[in-house]
Each structure stands twice: as structure tokens, then as C-alpha cells.
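Data block below; observations after.
The values are calculated or read from the model by the stated rules, or taken from the named source; none is laboratory data. Computed from a predicted structure; not experimentally measured. Methodologically, a virtual Cβ is constructed for each residue, glycine included, from the backbone with ideal geometry; neighbour enumeration extends over all protein chains shown. These accessible areas exclude ligands, DNA and RNA; they are computed on the full protein's heavy atoms, side chains included. Shrake-Rupley method; radii C 1.70, N 1.55, O 1.52, S 1.80 Å.
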Amino acid sequence: MAEKEKSLNFIEHIVEEDLVAGFSKKQLRFRFPPEPNGYLHIGHASSICLNFGLGLRYDAPVNLRFDDTNPAKEEQEFVDAIKEDVEWLGFHWDKECYASDYFQQLYDWAIELIKAGKAYVESQPSEKIAAQKGTPTEAGTNSPFRDRPIAENLELFQKMKEGAFPEGSHVLRAKIDMASPNMLMRDPVMYRILHRAHHRTNTDWCIYPLYDWTHGESDYIEQVSHSLCTLEFAPHRELYDWFLDQVVSPEDVRPKQREFARRNLSHTVVSKRKLLELVQQGVVEGWDDPRMPTISGLRRKGCTPEALRNFADTIGIAKRENVVDVAVLDFHMREDLNKIAPRVMAVLDPVKVIISNYDTDKEEWLEAENNPENPEAGFRKIPFSKELYIERDDFRESANRKFFRLKLGGEVRLKNAYIIRAEEVRKDSEGNILEIICTYDPLSKSGSGSPESLRKVKGTLHWVSCKHAVDAEVRLYDRLFTDPTPDQHTGRDFIEFINPDSLKIVEGKLEPGLKTAAPGARYQFQRLGYFCVDKSSGPEQLVFNRTVTLRDTWAKIEEKA
RNA sequence: UGGCCCAUGGUGUAAUUGGCAACACUACUGAUUUUGGUUCAGUCAUUCCAGGUUCGAGUCCUGGUGGGCCAACCA
């Protein structure tokens, strides 16, 4: 109830119009149709959220269909990865389908087309076919095989299927219109010969249907009502409809193709080719490198499915060119993580603080709140002692009043602990700060309720007790490219815009409770950002990935100065 | 013989289908805060241009301008 009346996107308007025009809501069905030739990226996430979102909105089934018509590129590994990603996003498909399940049906229909004089076997090489296709402004010319007798077409096609011919020797073409202003209608190829094993049909077939002949018919077989794809397929719609015309029965649902603009994310690239290049050149460590815009990369970085879904929902869907600022994704990750991530303390660039008036052997276990946004998250104990680490950035020998942190003679609150004052600084011969000597106010203990504890001091710092700290490798990820649109500069390669500082690895000091943090667990390192335990992490070597920093208004003030 | 698609703040989407241009992000102010986080309050547009229809146009019409897609036996 009380759910906000959300405005509809143009696809939802189309569905609503169909419903008003009498299309039965029960017959609505959608599909997400990836080719299993690579990993899913954030662009696919939008499409997944669109299709499965429609399914949820209309209580309609959504199929997961693998468009596996090209055995040269497809592998079972990708099928598995895609299923994992869709599930991780939190969606449930109705049927798990494969275009390869329809090879026989497609073949039977193709024979009908041949018999109807609407398809023929072409026996020229591909270069010849391309040359005869014409150009967008010039009509093509008919193939010399275009009027081959039906019986001969049937016989040749049969032999193609039986493996009698080498690759490239023949194809099956639809006989449409070599003068069509739409290049795709100029007798498109329906089948090619490929003597390759398919990851599902193995060597059952050596002729494989092409996209156009497969996609619409697969939608029809599955009785998909609305077949949504990206804008570059818009010219395919005419062909999609032509192929459908050849097979549909009036009593069945006739699928409808509609196109939307793919989402582009700033400071990254999303084409499979370019992502592959990043992997192959070793710019990143793999498809699930946390800097990759792949779903697996985002997952490994610590992004939540909730954040990704909210991101997809707020950027919406439309038909115009777009570049979504990656800041929107960051916002949604912070928004979700702020609610669910337990707070902990970690020092990533440590400098030692020595509390001169604290007993050398003393240690106290102080109470710390796990998440101020969620009281039910409770409290934990953290150790305090004479020697602590704080962030090197959090101390200056002198600074103006805008600097809320520790400076000589100044006071600061140690989060969940005491108020301290910096008295003295010890340096090495080169002037590097080795340790900061402080005194603490024993009455100022957090939560004690004493007047001293209630004193307002401007800054609060995070810290970790030296002797209790656990070490961890912390990987600080930043955007992969320095330019918002690395692949949109004519004459310049996107690789030129790689951010040389996209990964910085540091040794951090963490509060001891993190010793047993399990891979995948997410935390907020207070005042720093959100971090996720990497899959490679273990008790002997902890590894954390930075998901996203906290908003940092201090950094902006500094930048301006 | 070219065809098709698109144009609304810095960014991404809305606009009851012809009726006060709204939401989110970013940026900037300020308040609160034992995270310079969170939260709260506020600021930032004459809808690509020119005509037309209309009491009334972001929306409809005409003509421009600018951008995108299409000539794999890829999807």
C-alpha cells in the first residue's frame, strides 16, 4: 500500500496501451536474452531490471533465454556466470530457455520458406554477397542463384545440414527485396555452415541460424508478448516482423519488438570487445576485477544487488543517447550500505599516538555502536591502550580553525574513547613524524555521562590500539578512466584515458574483531568509506576492497584552498 | 533510393497525453551530529531553432539545425 504512484517509462506506456486495447494481462510475458559469449555488465543489469521489473509489475513470467546460435563464441562457462549474476541481482526467471532448443523447429520452418519460394540457397562467397548488397543509397543487385528452382534449394539445404559442404560454400537466404532502403531486408542470410561443436547440441548441427531468423521466432515459440532490445536493433524490426509473418498463427500471441537506448556509464566502457581488451592487456586482473563495470566486478567490489537495482530504477529507460554519471551509482551504493554496513575502525595510513599519562600495561575494552542507523545492530567491545594508531592525515603540527583534527596543543575526541590533547611530536632525522605524544582526560570517557565526557570538542577521530591491531591488505579502487567518456574521442584510443591510480594497495591496521571477517562481508571503515572482504581473504591474510568512499566535504574544502 | 530513431537544468528521467515544467544525482548555502558520514532546510530551466494551429504547446503540424543507428556467413 501507500506506494508512490511512479510515473511510467515509455515501455510501460506501450504495455498499458496494449492492455487498454484488449490484450490480456495473462498473456504478458517477457524475456532477458543474453548471448553466452561473455560476462554481464552494468548495461545488462539495466535490461535485466527492465524485463524482470515488468514481470513483477504485471505479475507476468520472464524467461531467461540464451541466444546461443554462434558456437564459435559461446561457452557453458558464460551460461553459468550469467545465471549466477541474474540470481544475485535477486530475480527469478520462469523458464530457462536456449535458442539452440529450437534448432529443429527453425529448420522445419526454413524448409517451408523454401517451398513457398521465399528462401534460396546462395552459393557465392561472402565477399560477393556483400558487394551485391549495394549501399544505403544504392540498391543491391540480385544474386544469380536467387531464382534457383525450389527442388534444387531443398536438396542443397538438406546437404548443407548433412555436412556435405565446407564452411563458406553455401548459405540460405531469405528472398525479400534487394532494393529495400533497409539494408537488412536485402535477402538476409538465415543459415551458415559451421563445422563446430556447440556447447549444448555438440555436433548435431553444422548449419546454424543467424540472429534475425532466430530471435523473433524464439520469442514466438515462447509466446513472449514484448521483446525489448537496444536501439541498434531498430532497423531489425522490419525483418523481425517479416520472419514472424511467415510463421504466426492468428490464435497465438504475436511478439512485439520495441527498442530502448542502452545506458552508458561515465568513466568506464561497456562494450564486450573493450572490456575483453582490458582483461587481455592486463589493465585489470580479470572480468571480476572490482574496477570492471561487470556485474561480477561490482559484486566483488562490494556493491549490493539492492543498490544496483535502485540505480537501474532511478536512471530509468528511454530512447535518447545518454551518459549516466557514475556518481549516481556511488550514491546508491552509499545509500544502501549506510543502512546495512556495520561500522568498524581501521587506520589505513597509520601514525603512532602515545598517551603519556595512560598506564603502560593497562587496557580497556570500550563499547562501540555497530550502526547508528540501525539500533538493533547493537554494540561491540574494542580495546584501548597506551599506544594507538591514527590516520597520518588527521594530525598537523599547526593548522587554522577549519582543521577540526589533531594539532599541537589542540584537543580531539577519539571515537568511543577519550578526549586527547597533542603535546609534542617526535620525528626522525629527515623530519618525518614518528610519534605524537598526547595526554588524555580520564574523565572524558565516551558514554560515561560525566560532565567531562559531555564536553564538545570539534573533531572526532577513528583509531586502533597498536598492540591489538590486525593487519590487512586494503585495496583502494578508484574509477578506471580519468575521462568521463573514454571511448567517445575520435582518433584517440580509450586506453589512453586509463587512470594510472585506479588501484592503490595499502597495509591497514584494523580493530581486532575483523580478524575473522568472512569473504563478501561489508563494513564501513568509519570516516573512510565502505569496504568488502575480498574472495581471496583468509585469517592468514586479510584482504579488503574499497567499495566507495564516504562523501568527503573536507576534501573539497582542501581542494579549494 | 536512402531509410529509421532521437533532442527538457551540469547529469539521468517525469509531466494526468494540449492546462502552474516535477523527481533524483551532482554542485553550492545553512542547521544538526562523538563519523567533515547520516539527517534536515534551501539555491540552480523561459523544454535545440524558426514558423504555424489553439484561449492555451515541452506535448500537435511544417521547415530547419544537431546527434545516433544501418552495407558480419556476430548478437
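Using helices alone, what [θ] at 222 nm do you get for chain A, with -39,500 (n - 2.57) per DSSP H run of 4 or more residues, divided over all residues and rounded to the nearest 500?
Roughly -8000 deg cm²/dmol at 222 nm, from the helical runs in chain A.
What number comes out for the charge environment of A:Glu376, summing +1 per Lys or Arg and -1 per Asp or Glu over other residues with Cβ under 15 Å away?
Counting the neighbours of A:Glu376, the net charge comes to +1.
Would chain A count as rounded, prolate or oblate if I go by the C-alpha gyration tensor, calling it rounded below 1.5 in a/c and otherwise prolate when a/b exceeds b/c, oblate otherwise?
prolate
Would you grab the residues whose amide H sits under 5 Å from the one on A:His41? Only those 5+ places off in sequence or on another chain, please, with H modelled 1.01 Å from N.
A:Ile295
What percentages make up the Cα-Cα pair-distance distribution of region A:518-560 when the bins are 10 Å wide from 0?
In order of increasing distance, the bins hold 29, 39, 20, 11, 0 percent.
How large a share of the accessible area of chain A, in percent, is made up of carbon and sulfur atoms when the probe is 1.4 Å and the other protein chains stay in place?
49
Cβ under 13 Å from A:Pro209's Cβ, A:Pro209 left aside: what net charge do those residues give with Lys, Arg +1 and Asp, Glu -1?
Every neighbour counted, the sum reads -3.
What does the C-alpha gyration tensor say about the overall shape of region A:1-158? Classify as rounded when a/c is under 1.5, otherwise prolate if a/b is larger than b/c, or oblate.
prolate
If the chain between A:Phe404 and A:Gln488 were fully stretched, how many nm would it gain, using 0.36 nm times the residue separation less the Cα-Cα distance?
26.0 nm
If r is the Cβ-Cβ distance from A:Glu75 to A:Lys352 and R0 is 41 Å, what FRET efficiency results, to the nearest 0.05?
0.20
Based on the Cβ-Cβ distance from A:Glu430 to A:Asp359, what FRET efficiency comes out when R0 is 45 Å, to the nearest 0.05?
0.90
Residues with amide H under 5 Å of A:Gly316's amide H, sequence separation 5 or more or different chain, H placed in the peptide plane at 1.01 Å from N; which?
Sorted by chain and number, the residues that satisfy this come to none at all.
Tell me, what ³J(HN,Hα) does each residue in region A:306-322 have, in order and in whole Hz, if you take phi through Karplus 6.51 cos²θ - 1.76 cosθ + 1.60 with θ = phi - 60° and put x for Gly and Pro?
Couplings: 4, 5, 5, 5, 4, 4, 4, 5, 6, 6, x, 9, 7, 10, 9, 4, 7 Hz.
Would you mind telling me the antiparallel percentage of the DSSP bridges in chain A, rounded to 5?
Here the share of antiparallel DSSP bridges comes out near 70 percent.
I'd like the trypsin sites (Lys or Arg not before Pro) in region A:1-98 restricted to DSSP loop residues with at most 16 other Cβ atoms within 10 Å, sorted by number.
Taking region A:1-98 and a limit of 16 other Cβ atoms within 10 Å, the loop trypsin sites (Lys or Arg not before Pro) found are A:Lys4, A:Lys6, A:Lys73, A:Lys95.
How big is D for region A:204-309, in µm² s⁻¹ as a whole number, if Stokes-Einstein is applied with the Kirkwood radius of its Cα pairs at 25 °C and 0.890 mPa s?
This corresponds to a translational diffusion coefficient of 146 µm²/s.
So how much slack lies between A:Arg551 and A:Lys6, counting 0.36 nm per residue of separation and subtracting their Cα-Cα distance, in nm?
193.4 nm
Tabulate in residue order the Karplus-calculated ³J(HN,Hα) for region A:551-558, using 6.51 cos²θ - 1.76 cosθ + 1.60 with θ = phi - 60°, rounded to whole Hz; enter x for Gly and Pro.
Per-residue couplings from phi come out as 4, 10, 6, 5, 4, 5, 4, 4 Hz.
Apply the Karplus curve 6.51 cos²θ - 1.76 cosθ + 1.60, θ = phi - 60°, to the phi angles in region A:402-417 and return the couplings in whole Hz, x for Gly and Pro.
6, 7, 7, 9, 7, 9, 4, x, x, 10, 8, 8, 8, 3, 6, 9
Using 18 Å as the cut-off for backbone N distance, which residues of region A:312-328 belong to the label zone defined by a point 7 Å from the Cα of A:Ala234 along Cα→Cβ?
Label zone hits: A:317-323.
Can you tell me the length gained on complete extension of the stretch A:Arg254 to A:Arg273, counting 0.36 nm per residue apart and subtracting the Cα distance?
Computed gain between A:Arg254 and A:Arg273 is 3.5 nm.
Can you flag which of A:Lys386/A:Lys407; A:Lys83/A:Lys256; A:Lys26/A:Lys95; A:Lys386/A:Lys427; A:Lys73/A:Lys118; A:Lys415/A:Lys458 are past 22 Å Cα-Cα?
Over 22 Å Cα-Cα: A:Lys83/A:Lys256; A:Lys73/A:Lys118.
Rolling a 1.4 Å sphere over the protein heavy atoms, what is the accessible area per residue of chain A, to the nearest Å²?
47
Determine the shape class of region A:416-561: with a ≥ b ≥ c the square roots of the Cα gyration tensor eigenvalues, call it rounded for a/c under 1.5, and otherwise prolate if a/b is greater than b/c, oblate otherwise.
prolate
Which value in nm describes the separation of the simple spin-label points at A:Asn499 and A:Ser180, placed 7 Å from the Cα toward the beta carbon?
4.5
Using +1 at the Cβ of each Lys and Arg and -1 at the Cβ of each Asp and Glu in chain A, identify which of A:Ile390, A:Leu54, A:Leu265 lies farthest towards the dipole's positive end.
Value: A:Ile390.
For A:Phe481, what residues show an amide H to amide H distance below 5 Å, using hydrogens built from the backbone and excluding near sequence neighbours?
Here the answer is A:Asn499, since their amide H atoms fall under 5 Å of that of A:Phe481.
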